[in-house]
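Asker: Would you mind keeping the following structure in view while I ask a few things?
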There are 2 protein chains.
Amino acid sequence: MQITCPVPVSETTLITMGHGSGGLLTHKLLQAGVFNLLENEWLNQQHDGATLQLNGRVAFSTDSYVVSPIFFPGGNIGDLAVNGTVNDLAMCGAAARYLSLSFIIEEGLPMEAFYTVLNSIARAADAAGVRIVTGDTKVVEKGKGDQLFINTSGIGTIHPRAAIHHHHIKAGDRIIISGPIATHGIAIMSVRKGLEFETTIESDSAPLKYQVLSMLEEYGDAIHFLRDPTRGGVASVLNEVAGLTSLGFTIQQQALPIDEQVEGACEMLGLDPLYVANEGIFLSVVDPEYAEDIVALLHKDGSTQAAVIGEVSTEHPGKVLLRSRIGGHRVVSYLTGEQLPRIC
Amino acid sequence: MQITCPVPVSETTLITMGHGSGGLLTHKLLQAGVFNLLENEWLNQQHDGATLQLNGRVAFSTDSYVVSPIFFPGGNIGDLAVNGTVNDLAMCGAAARYLSLSFIIEEGLPMEAFYTVLNSIARAADAAGVRIVTGDTKVVEKGKGDQLFINTSGIGTIHPRAAIHHHHIKAGDRIIISGPIATHGIAIMSVRKGLEFETTIESDSAPLKYQVLSMLEEYGDAIHFLRDPTRGGVASVLNEVAGLTSLGFTIQQQALPIDEQVEGACEMLGLDPLYVANEGIFLSVVDPEYAEDIVALLHKDGSTQAAVIGEVSTEHPGKVLLRSRIGGHRVVSYLTGEQLPRIC
């Protein structure tokens, strides 16, 4: 795969409504950019869909990405859109294999921005070991969108040892987090608010596929549940999971890994990091017998701040409790309203 | 499946940014609306993705729908989004089975409009025999979207007798259209321009799955290629297909079915119906030996205006020629610029 595709010289410098017409400009945009950059045996057919051979259990997931701004420290909407869906599949215990890619472009988007995003998509797909096999490009009038929205949907093959289901969560299970919280949300927020730190806080957006597959390969059905705490943060996601079971979740504040600068930024912005969005980490609910071994495996695989952060019990069913650093308890509820809109 | 789901009384009357936060409002919106209305064994898991068992050849397709206005005669963005992707899969020779559903909602969308669209989605999915198994809901600020954009991606099982590929198109093949052209585009345009006709021109948006499966069941690999002429119309789609082969396509103007009112509206608006978008019809390129039988089958299946409209030859390779009613020839090129933006 060609990794860098310059803006074709013959093109206009801005995306126009005609690029979404289905006519000649659409054809040129796809030929010069998308097909060239992402080429593979499926996309090359330029048909309405891709034909795949699949056997067995697969996972299917979708997400639309509306992050604002579309470029931020550590990434852009393109790699976020690839990693996000790769990760949703990983949370089903699946290795992402095929992605669809659909653009909604606001008229006037600089062609160069579009190509930069496309290049990031190609690199992220390569890094995550997925192929973009089918797609769509729409253009809306200026003022009817916001530069660029991307939808990716994905198909992944479920690991033969995976048995991920909220029904498998049991009292006594340990809750593991794979890395420090709130990094992605604060990276986006610091651009929006024009905050400056000693070193730039970069988004941790990354594919979680390899860590998850490695865990499943080794520990199989000892991994009861997986979920990446994106929108709404760790607090909202644990509330969702607790709501699906008739069990209670308790987490230890002091066990939660968080980058010092990110924590400082949260304080400055008046944000509770438990509600801030993440992109490059995941929560797992696992058999207590293997919890420490699983954390050790995550450390070995490069997630050096992975930690057991809490456990599941029959007490306070459906609720999430936080044991604070000074020993008190408080109920951690769903995010109400909007703490950080459009972070993914 | 419950077919009508009233707006939950406890909800606010407008969609707010909080409905896209991933927190409590998102949870309530999904519980009261989406999960309730579209419920099935996959969606009920409320996980990041759906787990499916698939064996054999499948087709995978995606489309984002940005039609404006979102309500139009004969349908709305909801059934369009279901039928559109079901049809893209049909064009691969596949029976749509599973869809993903992703919303990008502009803040301020009336809750009632959202529920009306959801109800249409549920009905259209039922009619097309597909299950919505995974989804996503994002909200963007007022002025950063346009009421509602929807992405659907789909997985379908390819008919065992299907062999749809542009490589299979041969000189001598006949081109069949399944119904009258330009209806959908003119239905949308007439709302936008406030045009009134004797009877309302309604979109022909419909699932093409059953007609296509019936054709494949009966004629198998005599069906060489399928494509629905949506954006860019019949002219652009035939140009795309001609470009993929080293063959020429000739169509007969007098053979092209078109509704009289639609033709009148095209004249009034100065639009060439060959470039106007369609939603409920498809083109097929078939073995000449079976062309008339296939047309007869389409008539029997309710596509009473299906007709052979042209043929493929080794002349004028890569080009599309129109033989006019008075016997002249002209090259029909790609749509340049934007004849009818945002019709799907």
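Asker: Going by the structure shown, is B:Thr200 of a type outside the set (A, V, I, L, M), more than 19 Å from B:Ala81 (Cα to Cα) and part of a loop (DSSP other than H, G, I, E, B)?
Answerer: yes
Asker: Also, quick follow-up: With (1) touching a residue at least 40 places away in the same chain (Cβ under 8 Å); (2) assigned to a helix (DSSP H, G or I) as the list, and B:Pro207 as the residue in question, which single condition is left unmet?
Answerer: (2)
Asker: Could you tell me which residue of region B:52-106 is surrounded by the fewest Cβ atoms within 10 Å (Cβ to Cβ), considering only residues that are among the hydroxyl-bearing types (Ser, Thr, Tyr) and either within 7 Å of another protein chain (Cβ to nearest Cβ) or farther than 11 Å from B:Leu148 by Cβ (or both)?
Answerer: For region B:52-106, the residue satisfying everything is B:Tyr98.
Asker: Inspect region B:325-340 for any residue being within 24 Å of B:Ile70 (Cβ to Cβ), under 23 Å from the mean Cα position of the chain (by Cα) and not aliphatic (A, V, I, L, M) and give the result as yes or no.
Answerer: yes
Asker: Right, next: Looking at region B:223-262, which of its residues are assigned to a loop (DSSP other than H, G, I, E, B), within 14 Å of chain A (Cβ to nearest Cβ) and closer than 13 Å to B:Gly185 by Cα?
Answerer: B:Pro229, B:Thr230, B:Arg231, B:Gly232
Asker: May I pose another question? Considering only residues that are farther than 18 Å from B:Ser102 by Cβ and in a loop (DSSP other than H, G, I, E, B), look in region B:11-35 and name the one that is farthest from the other protein chains (Cβ to nearest Cβ).
Answerer: Only one residue fits best here, namely B:Thr13.
Asker: Answer yes or no as to whether B:Val86 is of a type in the set (Val, Ile, Thr), touching a Gly at 6+ places or on another chain (Cβ under 7 Å) and more than 28 Å from B:Ala187 (Cα to Cα).
Answerer: no
Asker: Kindly establish whether B:Lys142 is surrounded by fewer than 24 Cβ atoms within 10 Å (Cβ to Cβ), in the same structural domain as B:Glu106 (by the TED database), out of contact with any Leu (no Cβ under 8 Å at 6 or more places or on another chain) and among the basic types (Lys, Arg).
Answerer: It is true that B:Lys142 is surrounded by fewer than 24 Cβ atoms within 10 Å (Cβ to Cβ), in the same structural domain as B:Glu106 (by the TED database), out of contact with any Leu (no Cβ under 8 Å at 6 or more places or on another chain) and among the basic types (Lys, Arg).
Asker: Picking from A:Val117, A:Val86, which residue would you name as being in a helix (DSSP H, G or I) and more than 17 Å from A:Tyr210 (Cβ to Cβ)?
Answerer: A:Val117
Asker: Also, I was wondering about something else. May I ask you to list the residues in region A:295-344 that are over 18 Å from A:Thr245 (Cβ atoms), of a type in the set (Gly, Ala, Ser), surrounded by fewer than 18 Cβ atoms within 10 Å (Cβ to Cβ) and modelled with pLDDT of 95 or more?
Answerer: Once the filter is applied, which keeps residues that are over 18 Å from A:Thr245 (Cβ atoms), of a type in the set (Gly, Ala, Ser), surrounded by fewer than 18 Cβ atoms within 10 Å (Cβ to Cβ) and modelled with pLDDT of 95 or more, region A:295-344 yields only A:Ala296.
Asker: Continuing with the same structure: Could you tell me whether B:Ser68 is touching a strand residue (DSSP E or B) at 6+ places or on another chain (Cβ under 7 Å) and not assigned by the TED database to the domain that holds B:Glu196?
Answerer: No; evaluated as a whole, the condition is false for this residue.
Asker: Do we have any residue at all in region B:313-325 that's in the same structural domain as B:Val212 (by the TED database) and touching a Ser or Thr at 6+ places or on another chain (Cβ under 6 Å)?
Answerer: Scanning region B:313-325, I find at least one residue that is in the same structural domain as B:Val212 (by the TED database) and touching a Ser or Thr at 6+ places or on another chain (Cβ under 6 Å), so the answer is yes.
Asker: Tell me which of these A:Val285 doesn't satisfy, since it passes every other one: (1) within 17 Å of A:Thr183 (Cα to Cα); (2) within 14 Å of chain B (Cβ to nearest Cβ); (3) not aromatic (Phe, Trp, Tyr).
Answerer: Result: A:Val285 fails condition (1) only.
Asker: Also: Got at least one residue in region A:165-181 being within 14 Å of chain B (Cβ to nearest Cβ), within 20 Å of the chain's Cα centre (by Cα), of a type outside the set (Gly, Ala, Ser) and closer than 30 Å to B:Ile70 by Cβ?
Answerer: no
Asker: Additional query: When you scan region A:115-150, how many residues do you find that are facing chain B (nearest Cβ under 9 Å) and under 21 Å from A:Leu54 (Cβ atoms)?
Answerer: Number satisfying all stated conditions: 3.
Asker: Among residues belonging to region B:320-344 that are more than 14 Å from chain A (Cβ to nearest Cβ) and among the basic types (Lys, Arg), point out the one that is farthest from A:Ile105 (Cα to Cα).
Answerer: B:Arg325
Asker: Now for a separate question. Which of the numbered conditions does A:Gly49 fail, given that it passes all the others? Conditions: (1) surrounded by fewer than 24 Cβ atoms within 10 Å (Cβ to Cβ); (2) within 10 Å of another protein chain (Cβ to nearest Cβ); (3) touching an Asp or Glu at 6+ places or on another chain (Cβ under 9 Å).
Answerer: Checking A:Gly49 against (1) surrounded by fewer than 24 Cβ atoms within 10 Å (Cβ to Cβ); (2) within 10 Å of another protein chain (Cβ to nearest Cβ); (3) touching an Asp or Glu at 6+ places or on another chain (Cβ under 9 Å), the one that fails is (1).
Asker: Which one of these does B:Ser153 not meet: (1) more than 8 Å from every other protein chain (Cβ to nearest Cβ); (2) within 16 Å of B:Pro207 (Cα to Cα); (3) part of a strand (DSSP E or B)?
Answerer: (1)
Asker: In the set B:Thr250, B:Thr245, which member is outside the structural domain of B:Val86 (by the TED database) and modelled with pLDDT of 95 or more?
Answerer: Answer to the selection: B:Thr250.
Asker: Identify the single condition in (1) more than 12 Å from every other protein chain (Cβ to nearest Cβ); (2) buried (at least 24 other Cβ atoms within 10 Å of the Cβ); (3) charged (D, E, K, R) that A:Glu112 does not satisfy, given that it satisfies every other one.
Answerer: Unmet condition: (2).
The values are calculated or read from the model by the stated rules, or taken from the named source; none is laboratory data. Given the structure is predicted, the values throughout are model-derived calculations rather than measurements. Glycine gets a Cβ as well: all are built from the backbone with ideal geometry, and neighbour counts include every protein chain shown.
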